[in-house]
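The values are calculated or read from the model by the stated rules, or taken from the named source; none is laboratory data. Small disclaimer: the values here were computed from a predicted structure and weren't measured. Glycine gets a Cβ as well: all are built from the backbone with ideal geometry, and neighbour counts include every protein chain shown. Accessible surface is based on the protein model in full, side chains and every heavy atom, while ligands, DNA and RNA are left aside. Shrake-Rupley method; radii C 1.70, N 1.55, O 1.52, S 1.80 Å.
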Amino acid sequence: MGKYDYIKNGNLLYWNDPDNGKSDGEYKVISAPEEVDSDSIILISSGISEAEVFASELSPIPTPRSHKEEFRKWRAEREAEGMEFFNRLSEVMETDNDLAVGDMVAFTNDYGVVFGPKEVLAFRMPWNGGRCVYIDSDAYWFPDRPNQLTILSKGGAE
């Protein structure tokens, strides 16, 4: 296993910008060579801009605390009140997107900042501007819009 095995196309990584941290943050790897060394050039994107950076400037994003248990309790309370949840996006809206519970996604907020990876926890009928996807985040109780999510890996309910 190599020192930079975490640098793969599609992965979300943290860029430690050597320009006084001016653009530090989470970025998606757009292009990386098969074998990565510290001086390999990696193309990354924030969703708004792209940059070519050295592999040595990238680091894995630590896995955040999971809120799945809190979500399960919150969901049970809402279901007791009559709210209905679903396992697939296609169950709540007409879509070609096969997003499902258990899939891993990147969330891009309205300002272009990318967070993730996050696990999809549930769906409900769209409301408040199309919000219908619940993900494992600090705001597990507030659904996101499907167009804010990028599928990173499938692992969802069939």
Original post:
In this structure, does SER56 turn out to be hydroxyl-bearing (Ser, Thr, Tyr), within 30 Å of LYS3 (Cβ to Cβ) and open to solvent by 60 Å² or more (accessible area, probe 1.4 Å)?
Top reply: yes
**OP:** Determine whether ILE61 is closer than 14 Å to PHE115 by Cα and open to solvent by 30 Å² or more (accessible area, probe 1.4 Å).
**Re:** yes
**OP:** Name the one entry in SER49, SER59 that is hydroxyl-bearing (Ser, Thr, Tyr) and in contact with a strand residue (DSSP E or B) (Cβ under 6 Å, 6 or more places away or on another chain).
**Re:** SER59
Original post:
Tell me, which residue of segment 99-158 that is open to solvent by less than 40 Å² (accessible area, probe 1.4 Å) and among the acidic types (Asp, Glu) is farthest from the chain's Cα centre (by Cα)?
Top reply: ASP144
Original post:
How many residues, within segment 13-47, are open to solvent by less than 30 Å² (accessible area, probe 1.4 Å) and part of a strand (DSSP E or B)?
Top reply: 8
